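Q: Sharing a structure here in structure tokens format.
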Amino acid sequence: MFHRPLIPIFFCFTGGILVGHAGYSPDPSLFIILFFGFSCALILSVFLSSRSRYFFLLYMFFLVGVLLDLNSHREWDLLPLAGRRELVMIEGTVLEPAKVSEEVVRLVLRADLLLYKGSTKPVREKLQINIYNHGRNFSPGEKVLFPARLRPFENFNNSGRYNYELDMDLKGFSCAASVSDGRQIVPMGIGEAGFFRGILEQARRPIRHLFKKNLSPENQALFQALILGETQNISQKMREPFNRAGLGHLLAVSGLHIGLVGWLAYALFMALLSVSYRFALQTNIKKLAAILTCVPVIVYAFLAGFQVSSQRAMIMALAYLFSIVIGREKEIWSTLAAAAFAVLAINPHSLFGISFQLSFCAVIGILWLAPPIYRMMLAPLDGHAKGGSLSFRLYRYLGGLLAVSTSAMIFLFPIVSFYFHRLSLVALPANLMAVPIMGLWVIPLGLLSAAALPVSSALAELLLQLGAWGMDCMTAIIRFWSQVSWASIWVVTPNSFEILIFYSLIFFIFFFRRWSWAKLGLVFVFFLAVGDFSYWTYKTRFNPHLEVTFLDVGQGNSALIRFPGRQRMLIDGGGFSRSTFDMGKNVVAPFLWRSKILRVDYLVMSHPQSDHMNGLHFIASHFHAKEFWSNGDDVENESYKNLIKILDEKGIKKLFPGDLMTGREISGVRIDVLHPRPNQNKSKLSKDSGETNNRSLVLRMSYGGKSVLFPGDVEQAAEETLVSSVGCFLKSDVLLSPHHGSKSSSSELFLQAVKPSLCIISCGRGNYFGFPHSETLRRLEEVGCEITRIDQLGSVRLSIAPGYFEKISFLKED
């Protein structure tokens, strides 16, 4: 502790941030109490011995962490309006290049002036703007005026969710806004981006133009990402090979990029300063090289936009260079603690960011595990190779790269699984081949071309072309590894307890030979791991109950059925009609992985509309379904065609109402298809916009004397048909509200036939349609039904056993 005092200080400081974040309260008296505690500790420390004073110092840094976290919670002016989905006028300045796609144009903008209900108010908040029609490209620095409907960033409240709200808060956004027609955006000239952003844009604009003029669209997007930190032009199609090869981290300027630049610059300065023997004797060239290396590190972080990840990486690099200057470079753990302390002192909430956790955990893994792994690699060569031979030096170099990559991958495995749910099986060779090309070829030439641009455009273009060849080599390697059929696999999501088990195993294995009690610790952790594995095996394979989970997918429907035993069914997958957001990949699948589910046996699509269908694509592709049930309707849209293509490629059997009229029994659960009837002609239904809704597949599930009805989006016409044809079979204990609680559904006749004791309403918070309608809520109350709204409580899980069922909402479960 006293040998490396910075490490305990950092942990106490971090603990304070965690406590402050967990117990956040805007009450000013809390600040007074904490400040008083800090002052008392400071005064008392004067009268104590040096050893006791250190413990008071730890306590003070704990209080500082609490205070900094509480002080970092900002109250946004636009957020209350966003919560009410208000339509306002915004005047603001574009901060980043627009991200343009076929469906939407996305802008990052700083709101400068709010015009609302005849009054104006100065604001200074960062917004994410979505433009849905007639969008165009916007350049940083443009000043615009436009009407927009504000909305808050909101999570999908399911287990295993991605904390979207926190992520956007870490990036400094207050809320989002949508513009229905880009023609309503009025150009106002050049805005005031601020002194720093003004200089940054002046530096980046000609570089951006250089890339656009001389590179292919793909290489332009990649160079902008690697040199300028701008990922707007990286499409999902371009990103996927990187992700499959385990190289997605290359697309964001972070510790790896700035570390490589710092390492290369330091080696270059050392070589240049060593040219003069006399100068090398008279000067500590090691320290001088470290000081000079700070310049390219800072310049690269500046060009990359000083984003959160590049700021953090720059601080880490500068901390290590400073340790060289003061002669403490061997105290690498203290240097790492100092860098982390500096990052969190600037923004305490960085602690909760994915990039912070990945960067620092990767460095910890390398410092901790790389040396023993490297020694193991060199052990076979002891006494068999000459230390100075070329082959031995090459082996040592490759062994060092392999040890570093392996240790980082091992240590990051649970964190990567937790956030990304994916494991690349080719990451090791792909990193060994691609990273040196990027670090020694692509980035250096890209930065040199940017530096040469003010002097000679011809030289800049030549250097850029040389860098483009390197980029082509790197992308060819990445495509090669990504095309391997087993390149990556999707994995279940570990929970906090399992992550703790993993790191405890590493800890006790590492100290197995040093400390005798580590053996007992290893045995204890092993039994914990066996217990955890046994629990999930029982939960996923031998669970005796029927479990129905209505997922929070916003304005849409999706329900997971876990039959007794190991079989599962997914009824609808949610989705958005005018968005590239993949509901299946980003919402439904993470819930399945969090539940340790890698297979869904049955997929059901009630009807082919986006809010029920679009989330099924990813599930059909990756969860090994054997049957697909639908109402049999064909629609002429790209999403439906893609889904059918996936079903055909995967060999998933398609079943329609005629195939299911006798019903099915799965693991003791009876499933009846009540609608539409095989002989029911479309022409018999109304030709208005409700025709597709009225042909929704209606399922009734019964088990142990309890039943659940899934009516899709049927409206009054189909409800009347149901009551007249199968009225006696409609009675159910639980009803999923048809058409998300619309007043055009849930007719009194239908509700009297169903007589539910519980009604689940699946709709989006603050949705455009105003669901659920008040008339629907009134009708449900009249039949004495308990109403549960997913937009208020998050996902809802029903556990059904013979004679009873239990309801658990996400808010209670979480």
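Q: Looking at GLY160, GLY172, GLY189, GLY182, which one is under 26 Å from the mean Cα position of the chain (by Cα) and closer than 23 Å to ILE131 by Cβ?
A: Working: GLY160 fails: closer than 23 Å to ILE131 by Cβ; GLY189 fails: under 26 Å from the mean Cα position of the chain (by Cα); GLY182 fails: under 26 Å from the mean Cα position of the chain (by Cα).
When all the criteria are applied, what remains is GLY172.
Q: Now for a different question. So, of the residues in the range 306-349 that are charged (D, E, K, R) and open to solvent by 20 Å² or more (accessible area, probe 1.4 Å), which turns out to be nearest to CYS361 (Cα to Cα)?
A: Start the filter on the range 306-349 by keeping residues that are charged (D, E, K, R), which leaves 312, 328-331.
Keeping just the survivors that are open to solvent by 20 Å² or more (accessible area, probe 1.4 Å) gives 328-331.
Numbers: ARG328: 22, GLU329: 19, LYS330: 19, GLU331: 17 Å.
Per the stated criteria, the residue is GLU331.
Q: Between a first residue in the range 688-705 that is within 20 Å of LYS755 (Cα to Cα) and aromatic (Phe, Trp, Tyr) and a second residue that is modelled with pLDDT of 90 or more and part of a loop (DSSP other than H, G, I, E, B), which pairs have beta carbons less than 7 Å apart while being 6 or more apart in sequence or on different chains?
A: Final answer for the pair search is TYR703/GLY668.
Q: Would you mind telling me which numbered condition in (1) assigned to a loop (DSSP other than H, G, I, E, B); (2) of a type in the set (A, V, I, L, M, F, W, C); (3) more than 27 Å from ILE129 (Cα to Cα) ILE619 fails?
A: The one condition ILE619 does not meet is (1).
Q: Moving on. Taking strands (runs of 3 or more DSSP E) that fall entirely within the range 494-607, which contain at least 2 residues that are farther than 30 Å from VAL635 by Cα? Explain how you work it out, then say what you get.
A: Values: elements: 546-550, 559-562, 568-571, 602-605.
Per the criteria, 546-550.
Q: Sticking with this structure for a sec: Which count do you get for residues in the range 161-180 that are open to solvent by 30 Å² or more (accessible area, probe 1.4 Å) and more than 24 Å from ARG312 (Cβ to Cβ)?
A: 3
Q: Something else now. Looking at the range 232-251 only, could you name the residues that are over 18 Å from LEU210 (Cβ atoms), assigned to a loop (DSSP other than H, G, I, E, B) and open to solvent by 10 Å² or more (accessible area, probe 1.4 Å)?
A: Our first condition is that a residue be over 18 Å from LEU210 (Cβ atoms); within the range 232-251, this holds for 234-251.
Filter again for assigned to a loop (DSSP other than H, G, I, E, B), leaving 234-235, 245-247.
Answer for the range 232-251, where residues must be over 18 Å from LEU210 (Cβ atoms), assigned to a loop (DSSP other than H, G, I, E, B) and open to solvent by 10 Å² or more (accessible area, probe 1.4 Å): SER235, GLY246.
Q: Need the failing condition index for GLY198 against (1) assigned to a helix (DSSP H, G or I); (2) within 29 Å of the chain's Cα centre (by Cα); (3) surrounded by fewer than 18 Cβ atoms within 10 Å (Cβ to Cβ), just the number.
A: Every condition holds for GLY198 apart from (2).
Q: Are any residues in the range 609-628 more than 23 Å from SER667 (Cβ to Cβ) and either crowded, with 23+ Cβ neighbours inside 10 Å or charged (D, E, K, R) (or both), and if so, which ones?
A: Selection gives GLN609, ASP611, HIS612, MET613, ASN614, GLY615.
Q: When you look at PHE269, is it out of contact with any strand residue (DSSP E or B) (no Cβ under 9 Å at 6 or more places or on another chain) and touching a residue at least 24 places away in the same chain (Cβ under 8 Å), yes or no?
A: Details: out of contact with any strand residue (DSSP E or B) (no Cβ under 9 Å at 6 or more places or on another chain): yes; touching a residue at least 24 places away in the same chain (Cβ under 8 Å): yes.
Yes.
Q: Please indicate, with yes or no, whether at least one residue in the range 376-398 is buried (at least 18 other Cβ atoms within 10 Å of the Cβ) and not in a strand (DSSP E or B). Quick ask: steps written out before the conclusion?
A: Initial filter on the range 376-398 (buried (at least 18 other Cβ atoms within 10 Å of the Cβ)): none.
Within the range 376-398, none of the residues are buried (at least 18 other Cβ atoms within 10 Å of the Cβ) and not in a strand (DSSP E or B).
Q: Something else about it: Among the residues of the range 129-148, write down those that are within 24 Å of ASN586 (Cβ to Cβ) and surrounded by fewer than 17 Cβ atoms within 10 Å (Cβ to Cβ).
A: Matches in the range 129-148: TYR132 only.
Q: Can I ask one more? Taking the range 728-751, which residues are in contact with a strand residue (DSSP E or B) (Cβ under 9 Å, 6 or more places away or on another chain), without any contact (Cβ under 8 Å) to a residue 40 or more places away in the chain and farther than 18 Å from ASN694 by Cβ?
A: Passing the criteria: LYS731, SER732.
Q: Also, quick follow-up: Taking the condition of being open to solvent by 10 Å² or more (accessible area, probe 1.4 Å) and of a type in the set (Ser, Thr, Tyr), how many residues in the range 731-753 meet it?
A: Adding up the residues that qualify gives 2.
Q: Residue under question is LYS807, and the condition is that it be under 25 Å from VAL673 (Cβ atoms) and either open to solvent by 40 Å² or more (accessible area, probe 1.4 Å) or among the hydrophobic types (A, V, I, L, M, F, W, C) (or both); does it hold? Full working, then the answer.
A: Values: under 25 Å from VAL673 (Cβ atoms): no; either open to solvent by 40 Å² or more (accessible area, probe 1.4 Å) or among the hydrophobic types (A, V, I, L, M, F, W, C) (or both): yes.
Criteria not met by LYS807.
Q: For GLY764, which of the numbered conditions (1) crowded, with 20+ Cβ neighbours inside 10 Å; (2) of a type outside the set (Phe, Trp, Tyr); (3) without any contact (Cβ under 8 Å) to a residue 40 or more places away in the chain fails to hold?
A: Failed condition: (3).
Q: Can you pull out every residue in the range 634-661 that is modelled with pLDDT under 95, surrounded by 18 or more Cβ atoms within 10 Å (Cβ to Cβ) and within 31 Å of the chain's Cα centre (by Cα)?
A: Answer for the range 634-661, where residues must be modelled with pLDDT under 95, surrounded by 18 or more Cβ atoms within 10 Å (Cβ to Cβ) and within 31 Å of the chain's Cα centre (by Cα): just TYR640.
Q: What number of residues in the range 387-430 are of a type in the set (Val, Ile, Thr) and without any contact (Cβ under 8 Å) to a residue 40 or more places away in the chain? Give the derivation first.
A: Of the range 387-430, the ones of a type in the set (Val, Ile, Thr) are 404, 406, 410, 415-416, 426.
Applying the additional criterion that residues be without any contact (Cβ under 8 Å) to a residue 40 or more places away in the chain yields 404, 406.
Total meeting the criteria: 2.
Q: Follow-up question, since we're still on this one. Quick one: in the range 106-162, which of the residues that are of a type in the set (A, V, I, L, M, F, W, C) and not in a strand (DSSP E or B) is farthest from HIS421 (Cα to Cα)? Break it down stepwise before answering.
A: Quick first cut of the range 106-162, residues of a type in the set (A, V, I, L, M, F, W, C) only: 107-109, 111, 113-115, 123, 127, 129, 131, 138, 144-146, 148, 150, 153, 156.
Applying the additional criterion that residues be not in a strand (DSSP E or B) yields 138, 153, 156.
Values: PHE138: 34, PHE153: 23, PHE156: 17 Å.
The residue in question is PHE138.
Q: Does ASN631 fit the bill of being surrounded by 18 or more Cβ atoms within 10 Å (Cβ to Cβ) and closer than 25 Å to GLU103 by Cα?
A: Numbers: surrounded by 18 or more Cβ atoms within 10 Å (Cβ to Cβ): yes; closer than 25 Å to GLU103 by Cα: no.
Judged against the criteria, ASN631 is not a match.
Q: Could you list, in sequence order, all residues of the range 216-231 that are part of a loop (DSSP other than H, G, I, E, B) and either crowded, with 21+ Cβ neighbours inside 10 Å or in contact with a helix residue (DSSP H, G or I) (Cβ under 6 Å, 6 or more places away or on another chain) (or both)? Reasoning before the result, please.
A: In the first step, residues of the range 216-231 are kept if they are part of a loop (DSSP other than H, G, I, E, B); the result is 216, 228-231.
If the condition is that a residue be part of a loop (DSSP other than H, G, I, E, B) and either crowded, with 21+ Cβ neighbours inside 10 Å or in contact with a helix residue (DSSP H, G or I) (Cβ under 6 Å, 6 or more places away or on another chain) (or both), then LEU228, GLY229, GLU230, THR231 are the ones that fit.
Q: Also: Is it the case that PHE62 is open to solvent by less than 70 Å² (accessible area, probe 1.4 Å), without any contact (Cβ under 8 Å) to a residue 40 or more places away in the chain and not in a strand (DSSP E or B)?
A: Values: open to solvent by less than 70 Å² (accessible area, probe 1.4 Å): yes; without any contact (Cβ under 8 Å) to a residue 40 or more places away in the chain: no; not in a strand (DSSP E or B): yes.
So PHE62 fails the test.
The values are calculated or read from the model by the stated rules, or taken from the named source; none is laboratory data. Quick caveat: nothing in here was measured; it's all calculated off a predicted structure. Glycine also receives a Cβ, built like all others from the backbone with ideal geometry; neighbour counts cover every protein chain displayed. For accessibility, only protein heavy atoms count, side chains too; no ligands or nucleic acids. Shrake-Rupley method; radii C 1.70, N 1.55, O 1.52, S 1.80 Å.
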